[in-house]
There are 2 protein chains.
Amino acid sequence: MLYLVGLGLADETDITVRGLEVVKKAERVYLEAYTSILLVDKAKLEAFYGREVIEADRELVETGSDDILANADKVDVAFLVVGDPFGATTHTDLVLRARELGIESKVIPNASIMSGIGCTGLQLYNFGQTVSMVFFTETWKPSSYYDRVKENVQLGLHTLVLLDIKVKEQSLENMARGRLIYEPARYMTVAQCASQMLETEEERKEGVWGPDSLAVGAARVGAADQELVAGTLSELAQVDMGRPLHSLVLLGRRAHDLEKDYIRQFAVDEATFNAAWQKGGYGSS
Amino acid sequence: MLYLVGLGLADETDITVRGLEVVKKAERVYLEAYTSILLVDKAKLEAFYGREVIEADRELVETGSDDILANADKVDVAFLVVGDPFGATTHTDLVLRARELGIESKVIPNASIMSGIGCTGLQLYNFGQTVSMVFFTETWKPSSYYDRVKENVQLGLHTLVLLDIKVKEQSLENMARGRLIYEPARYMTVAQCASQMLETEEERKEGVWGPDSLAVGAARVGAADQELVAGTLSELAQVDMGRPLHSLVLLGRRAHDLEKDYIRQFAVDEATFNAAWQKGGYGSS
């Protein structure tokens, strides 16, 4: 049996009781560690589980999945995924491959950022489609996400923006030379996301958002040091929310009063917040 | 401290390790049992936790929240919520009330149906706003959800439809006479939801969906006997998916091939599925 086990969002104790039972009994335990990270390292997980955990990088999952699945028709294999196994990144390909090999799969769900973002007090009902923000470079500033957010904005819906992480990436030079040297891990911050959004708006100029648009920054959702900040995009572009992971929600116009009362608690500046709320026509439907 | 603890979706072992620690130590433990249910009863939870659990009905939470919060500035109170505390139903009002009373709150996230629905293999990125479906009566068939789904359909996005549950409801007669007699609990099925959708379309006639529109029914997400069914709305209107809870996803046109391959595994009828896929223009963007 292949078990896909969600680990939740913050630390080793976010696994479910059922998930922990599976991990303790499985023959092999893999950890998918390239699309998201827990706020604790592998050694801490191993100590908590009392057993070895094999790190599964993108290459192993995408091209070496038969190694992961070896023998899983006879023994139990656990594949651990930060968040939920079918959350922001789905692992349907692994399940389909298992099925082709005659191996059954079971999923142990857990919190995902796609629902965990409800901690902002924004109603999940009022969210449109989720988008991802990648790190811009000098020459590559993809703006296709702009069109998706525009669809949400036109309907007055909130948008969850998931922020890029770069783990175990090679520089172009090292890749070309076949050197397995990896760049330091990078995690996009709320401030970087907000400035990239302002950059895209300056380029596209369709007025989907602007410096006074309201947004909520969320850092380390579900952790003891979780932090939430509400403010305009230009305020958020200046904010320091500490260590990763970060996410951002662009507020939709349909936001209602209970949502307002909740997010105003953690406004960068209450006066700016109130002014931006009124100016932006939030709270209308 | 007020702890809002997510219980996840299926049974007593879906609580997180951290959540269980909180429950074991708290002075009082409440269970919110009117917006969703676990697939196990309160007695089983109490046996698992080794302690008493107080059932919190709608009245207690909405008008008697100060009883729940009594003394919570000095002792720990745990408020258990099926799914995630800020998932399909948010408990922001309780947190705001606690704050007014000078009581701190902490949330222990867990799986919510809003992300758990990823078990269908449909990408959460491709979902638009979520809607709720209430039980129709002879005289009350609200169709405001139709307009929301229409917005998703026009964008080619999937729609998660959450199905009504009626727990501890009084009949009009008993309510009028002040008799605290409750009707048996009712949970909407995928089949009921699909037929109500077809009824609404017949009334509204804007062609947002039809009998050949593809949808996925999900029953008992996250449980050992989880069941998924893909088919046309007219097929789903006939399907029996067993005990609650059920949810339905109306497929959006932007569905892509990996999603198709995944949901076709559990098609009611593969030939009908393929025909409906082609006729409906799914897979285009």
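Per-residue answers, yes or no, for (1) crowded, with 16+ Cβ neighbours inside 10 Å; (2) touching a Leu at 6+ places or on another chain (Cβ under 8 Å); (3) assigned to a strand (DSSP E or B):
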{"position": "A:Ala10", "(1), (2), (3)": "yes, yes, no"}
{"position": "A:Glu21", "(1), (2), (3)": "no, no, no"}
{"position": "A:Thr35", "(1), (2), (3)": "yes, no, no"}
{"position": "A:Leu94", "(1), (2), (3)": "yes, yes, no"}
{"position": "A:Gly102", "(1), (2), (3)": "no, no, no"}
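Can you name every residue in the stretch B:37-95 that is charged (D, E, K, R), under 17 Å from the mean Cα position of the chain (by Cα) and under 24 Å from A:Gly222 (Cβ atoms)? Correct list: B:Asp84 only. When the stretch A:40-64 is filtered for residues that are under 15 Å from A:Val5 (Cα atoms), open to solvent by less than 80 Å² (accessible area, probe 1.4 Å) and not in a helix (DSSP H, G or I), the ones remaining, listed by number, are A:Val53, A:Ile54, A:Ala56.
Here the stretch B:115-129 is the region considered, the condition is being at the interface with another protein chain (Cβ under 7 Å from one of its Cβ atoms) and either outside any helix (DSSP H, G or I) or at positive phi (or both), and the residue that is most open to solvent (accessible area, probe 1.4 Å) is B:Gln123.
Out of A:Val107, A:Val29, one residue alone is over 27 Å from A:Leu180 (Cβ atoms) and either open to solvent by 20 Å² or more (accessible area, probe 1.4 Å) or more than 12 Å from chain B (Cβ to nearest Cβ) (or both). It is A:Val107. Among the residues of the stretch A:237-260, those that are charged (D, E, K, R) and either within 13 Å of A:Gly217 (Cα to Cα) or in contact (Cβ under 8 Å) with a residue 60 or more places away in the chain (or both) comprise A:Asp240, A:Arg243, A:Arg253, A:Arg254, A:Glu259. Does B:Glu59 qualify as being acidic (Asp, Glu) and either in contact with a Ser or Thr (Cβ under 6 Å, 6 or more places away or on another chain) or at the interface with another protein chain (Cβ under 10 Å from one of its Cβ atoms) (or both)? Considered against the rule, which asks whether it is acidic (Asp, Glu) and either in contact with a Ser or Thr (Cβ under 6 Å, 6 or more places away or on another chain) or at the interface with another protein chain (Cβ under 10 Å from one of its Cβ atoms) (or both), B:Glu59 comes out as no. Run down B:Thr90, B:Thr13, B:Thr35 and say which single residue is closer than 17 Å to A:Ile15 by Cα, within 14 Å of chain A (Cβ to nearest Cβ) and not basic (Lys, Arg). Result: B:Thr13 is the single residue among B:Thr90, B:Thr13, B:Thr35 that is closer than 17 Å to A:Ile15 by Cα, within 14 Å of chain A (Cβ to nearest Cβ) and not basic (Lys, Arg).
Evaluate the stretch A:147-165: report whether one residue or more is within 13 Å of chain B (Cβ to nearest Cβ), closer than 30 Å to A:Val23 by Cβ, open to solvent by 30 Å² or more (accessible area, probe 1.4 Å) and assigned to a strand (DSSP E or B).
Start the filter on the stretch A:147-165 by keeping residues that are within 13 Å of chain B (Cβ to nearest Cβ), which leaves A:147-162.
Add one more test, that the residue is closer than 30 Å to A:Val23 by Cβ, and what stays is A:160, A:162.
When the remaining residues are screened for being open to solvent by 30 Å² or more (accessible area, probe 1.4 Å), the result is none.
No, there is no match, as no residue in the stretch A:147-165 is within 13 Å of chain B (Cβ to nearest Cβ), closer than 30 Å to A:Val23 by Cβ, open to solvent by 30 Å² or more (accessible area, probe 1.4 Å) and assigned to a strand (DSSP E or B).
Of the residues in the stretch B:31-47, at least one is in contact with a Lys or Arg (Cβ under 7 Å, 6 or more places away or on another chain) and either among the aromatic types (Phe, Trp, Tyr) or at pLDDT 90 or above (or both). The residues of the stretch B:250-275 that are more than 16 Å from B:Leu122 (Cβ to Cβ) and in a helix (DSSP H, G or I), listed by number, are B:Glu270, B:Ala271, B:Thr272, B:Asn274, B:Ala275.
The values are calculated or read from the model by the stated rules, or taken from the named source; none is laboratory data. The structure presented is a predicted model; accordingly, all values stated were derived computationally and were not measured. Methodologically, a virtual Cβ is constructed for each residue, glycine included, from the backbone with ideal geometry; neighbour enumeration extends over all protein chains shown. To get the accessible areas, we keep the full protein, side chains included, count just its heavy atoms, and leave off ligands, DNA and RNA. Shrake-Rupley method; radii C 1.70, N 1.55, O 1.52, S 1.80 Å.
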